[in-house]
Amino acid sequence: MLTVSPAVDPDALLHEVFGYARFRGHQRDIVDHVMAGGDALVLMPTGGGKSLCYQVPAIARHRVGQGVTVVVSPLIALMHDQVGALEEAGVHAAFLNSTLDSAGAQAVERELLSGRLVMLYAAPERVTNPRFLAMLDSLRERGRLSLFAIDEAHCVSQWGHDFREEYLQLALLAERYPGVPRIALTATADDHTRADIVHRLQLESARAFVASFDRPNIRYTIVEKDNARTQLLRFLRDEHEGDAGIVYCQSRRKVDETAEWLAGEGYTALPYHAGLEADVRRRHQDRFLREDGVVMVATVAFGMGIDKPDVRFVAHLDLPKNIEGYYQETGRAGRDGEPADAWMTYGLADVVNQRRMIDESAAEEEFKRLQVGKLEALLALAESLDCRRQRLLAYFGEAKPTGYRCGNCDNCLQPPERWDATEAARKALSCIYRFRQHSGIGYGAGHLIDVLRGKSTDKTRERGHEQLSTFGIGADLSEAQWRGVIRQLIALGHLASEGEYNTLALTDSARAVLRGEIKIELREAREPAPRVRGSRSRGSGNPKVPRAAAVLDDAGQARFAALKTWRSEVAKEHNLPAYIVFNDATLAQMASESPDSLSALASISGVGSKKLEAYGRQILRVLEQVDS
Ligand code: ADP
Ligand code: ZN
């Protein structure tokens, strides 16, 4: 095994190149292991700081003459920005993908073969093509092939939803270049995917680093759908005016309609889904990354690898397919560690739709059963009366003690009122039973609720349902309460919603509920109390993680604004997203401390030596002008 000369100190390198004071979590262990030539499998949530785990070893190994690190990534659209970020930090990097013309590709190849390049980003199909492999062979012979980093490694698994055929070819790296260390990274944590990665990439002897998947700065909120648009609007107005965020919808049509409606409400809202032309998608993604305060309305086609750190909220207008999807999508909020919201509205129709999509799909029975199981886990999360974070973490195998309260989810912040719905559930089920007995057919939720509440309609009269013994037995509950009962019964699998008309039918387990053997506890349906506007910016929302810029005084705010203006000019000039120049937290610290010398500026987190040299004087001038 090759060892790196002790001259390269990772802490010093982290500070010099990236301007950060210290490694987080497992980063240092991973860096040490990989610097010393070990293979690694890194499982870390989105925003956990995976990039540094291979970038620091790449730089360190290059400095001691071990050559180039090849970073394999499926995200061609993002390579330009990733490379731009490294070059900004003074690290010589490049990418090879189909967006380059042949002259551009040749220039990169020359740099690669010269040994000057520290990191090369490439798509998997590029890495495994014979021409490219010949170049790697040549580097290898000269001892200039340092490391392979395989990003988004879950793409090698058919199990997940991002499977890429070309990732399977990457096994040849292990066979062809034994002795060149490999580090595989992903934010997908389930055992099945993990086993696939180890097996398919031949990482059996790699050391696994598994981080906690908790994202403490994300506040989880799940509200009952009443009028989704009004609810979303209230959420945006109360909490996220001017913030960048993502609104997920299930269908392309709903994406288009929602984006248009939000634009009409005064938001910079852009649609993104697979049905849009490639260059429209690219343009919208670019604007989301480069402009402030863009709301992306999207299907799940949007998001993988988007490393915009200041996404302040992710809202779901429709139910995701499962908890993995929910966690991955919501994980795109708050990568910078500042407070962010994961907000979802869901209702009876979502439950019915998701179940039907599974039932009607052409998949095999076993696969369907698995999907139903995953949906039920998600519904249990949505219906849950206790800490959402505890449920989420438990799902990913991280147990918390019973009674744990995270203090940063809706249920912890405002514990819901509970009521015992066992009797109500029995009434609903027996009414459905009576329908079948009496009419030989089932009915949907609307009619069921009318009958239970004793509401006389054309249908109740025509079908003779006013004579049923269950007519009016549930007049004590509101319509919303009954919807909650039915939704929960479907979520728990005691009721099935069938066919074109969503008629309700009892399942096998309904019997036990009818006999009163299963206790049903529900959250009290209530109007969500509007959260105090701006509560967070006064620091009372979640004191553990104040938002950097929000705690600035007036002078600080003026400096912050001036720095942002300066930053956006630089970003435009360099054709990069603003956060790559400096992120908000760094600007906020500059605004708060108002350093008056280069050495004071150098101590701010995020200011590495290259950026200090390139921008230091300009920044001091901007600050001086505001303060004078
Ligand atoms: P991931 O790829 O795991 O989603 P990133 O590598 O994009 O996460 O890191 C998320 C954010 O955290 C980035 O803005 C990054 O600069 C920042 N970050 C990572 N590690 C550190 C650290 N040790 N100190 C300060 N900031 C860090
Ligand atoms: Zn909680």
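Observations on the model:
- Pairs are defined by a Cβ separation below 7 Å, a sequence spacing of at least 6 or placement on different chains, a first member in the stretch 590-614 that is touching a residue at least 12 places away in the same chain (Cβ under 8 Å) and not assigned by TED's automatic domain parsing to the domain that holds Phe23, and a second member that is buried (at least 18 other Cβ atoms within 10 Å of the Cβ) and of a type in the set (S, T, N, Q); the pairs so defined are Ile604/Thr586; Ile604/Gln589; Ser605/Thr586; Ser605/Gln589; Gly606/Asn583; Gly606/Thr586; Val607/Thr586.
- For the stretch 21-70, filtering for residues that are of a type in the set (D, E, K, R), buried (at least 23 other Cβ atoms within 10 Å of the Cβ) and more than 8 Å from ligand 1 (Cβ to nearest atom) leaves 1.
- Residues of the stretch 292-308 that are touching a strand residue (DSSP E or B) at 6+ places or on another chain (Cβ under 6 Å) and either part of a loop (DSSP other than H, G, I, E, B) or not hydrophobic (A, V, I, L, M, F, W, C) (or both): Gly293, Val294, Phe302.
- Looking only at residues of the stretch 413-424 that are assigned to a helix (DSSP H, G or I) and surrounded by fewer than 18 Cβ atoms within 10 Å (Cβ to Cβ), we find that the one that is farthest from ligand 1 (Cβ to nearest atom) is Glu423.
- Filtered residues of the stretch 380-394 (kept if touching a Phe, Trp or Tyr at 6+ places or on another chain (Cβ under 9 Å) and part of a loop (DSSP other than H, G, I, E, B)): Asp386, Cys387
- Pairs are defined by a Cβ separation below 9 Å, a sequence spacing of at least 6 or placement on different chains, a first member in the stretch 266-278 that is assigned by TED's automatic domain parsing to the domain that holds Glu291 and of a type in the set (S, T, N, Q), and a second member that is modelled with pLDDT under 95 and part of a loop (DSSP other than H, G, I, E, B); the pairs so defined are Thr268/Glu291; Thr268/Asp292; Thr268/Gly293.
- Selection of first residues in the stretch 137-152 that are assigned by TED's automatic domain parsing to the domain that holds Arg63 and of second residues that are in a strand (DSSP E or B) and at pLDDT below 95, restricted to Cβ pairs under 7 Å at least 6 apart or on distinct chains, gives the following pairs, ordered by first then second residue: Glu152/Thr186.
- Residue check for Leu452: aliphatic (A, V, I, L, M) and within 16 Å of ligand 2 (Cβ to nearest atom): no
- The set of residues in the stretch 300-316 that are within 16 Å of ligand 1 (Cβ to nearest atom), modelled with pLDDT under 90 and under 19 Å from Thr258 (Cα atoms) contains only Gly303.
- Failed criterion for Glu239 (all others in (1) of a type in the set (Asp, Glu); (2) at pLDDT 95 or above; (3) surrounded by 21 or more Cβ atoms within 10 Å (Cβ to Cβ) hold): (2)
- Look at the stretch 395-412: where a residue is under 20 Å from Gln328 (Cβ atoms) and part of a loop (DSSP other than H, G, I, E, B) and a partner is of a type outside the set (A, V, I, L, M, F, W, C) and away from ligand 2 (no atom under 13 Å from the Cβ), sitting 6+ places away or on another chain with Cβ atoms under 7 Å, you get Glu398/Ser212.
Yes or no, residue by residue, for (1) modelled with pLDDT of 90 or more; (2) of a type in the set (D, E, K, R); (3) more than 16 Å from ligand 1 (Cβ to nearest atom):
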position: Ala298; (1), (2), (3): yes, no, yes
position: Asp318; (1), (2), (3): yes, yes, yes
position: Tyr327; (1), (2), (3): yes, no, no
position: Gly337; (1), (2), (3): no, no, no
position: Ala342; (1), (2), (3): yes, no, no
position: Gln354; (1), (2), (3): no, no, yes
position: Phe367; (1), (2), (3): no, no, yes
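- Candidate set from the stretch 583-600 (those that are part of a loop (DSSP other than H, G, I, E, B) and in contact with a helix residue (DSSP H, G or I) (Cβ under 6 Å, 6 or more places away or on another chain)); member that is nearest to ligand 1 (Cβ to nearest atom): Pro595
- Restricting the stretch 371-394 to residues that are at pLDDT 90 or above and closer than 23 Å to Ile358 by Cα leaves a set whose member that is surrounded by the fewest Cβ atoms within 10 Å (Cβ to Cβ) is Leu381.
- The single condition among (1) in contact with a helix residue (DSSP H, G or I) (Cβ under 8 Å, 6 or more places away or on another chain); (2) at pLDDT 95 or above that Gln557 does not satisfy is (2).
- When the criteria are applied in full, Gly373 fails the requirement of being more than 16 Å from ligand 1 (Cβ to nearest atom) and in a loop (DSSP other than H, G, I, E, B).
- Flag if Thr402 is of a type outside the set (Phe, Trp, Tyr) and within 16 Å of ligand 2 (Cβ to nearest atom): yes
- Residue within the stretch 107-118 that is more than 11 Å from Leu147 (Cβ to Cβ), of a type outside the set (A, V, I, L, M, F, W, C), more than 16 Å from ligand 2 (Cβ to nearest atom) and in contact with a Leu (Cβ under 6 Å, 6 or more places away or on another chain) present: yes
- As for the stretch 7-14, it holds at least one residue that is buried (at least 21 other Cβ atoms within 10 Å of the Cβ), over 19 Å from Val210 (Cα atoms) and within 11 Å of ligand 1 (Cβ to nearest atom).
- Qualifying residue in the stretch 427-436 (condition: in a loop (DSSP other than H, G, I, E, B), more than 16 Å from ligand 1 (Cβ to nearest atom), among the charged types (D, E, K, R) and in contact (Cβ under 8 Å) with a residue 40 or more places away in the chain): no
- Cβ-Cβ distances below 7 Å connect the following pairs, each with a first residue in the stretch 341-366 that is closer than 17 Å to Leu378 by Cα, a second residue that is acidic (Asp, Glu) and outside any loop (DSSP other than H, G, I, E, B), and a separation of six or more residues or different chains: Gly347/Glu224.
- Hey, Phe18 within 14 Å of ligand 1 (Cβ to nearest atom), touching a residue at least 24 places away in the same chain (Cβ under 8 Å) and closer than 19 Å to Leu612 by Cβ or not: yes
- Residue count for the stretch 550-592, restricted to those that are under 15 Å from Asp336 (Cα atoms) and aromatic (Phe, Trp, Tyr): 2
- Per-region count, the stretch 180-220, residues within 16 Å of ligand 2 (Cβ to nearest atom) and surrounded by 23 or more Cβ atoms within 10 Å (Cβ to Cβ): 4
- Arg332 fulfils the conditions (1) touching a helix residue (DSSP H, G or I) at 6+ places or on another chain (Cβ under 6 Å); (2) closer than 27 Å to Asp584 by Cβ except for a single criterion, (1).
The values are calculated or read from the model by the stated rules, or taken from the named source; none is laboratory data. Just so it is clear, the structure is predicted and the values come from calculations on it, not from any experiment. Don't worry about glycine lacking a Cβ; one is built from the backbone with ideal geometry, like all the others, and counts go over all protein chains shown.
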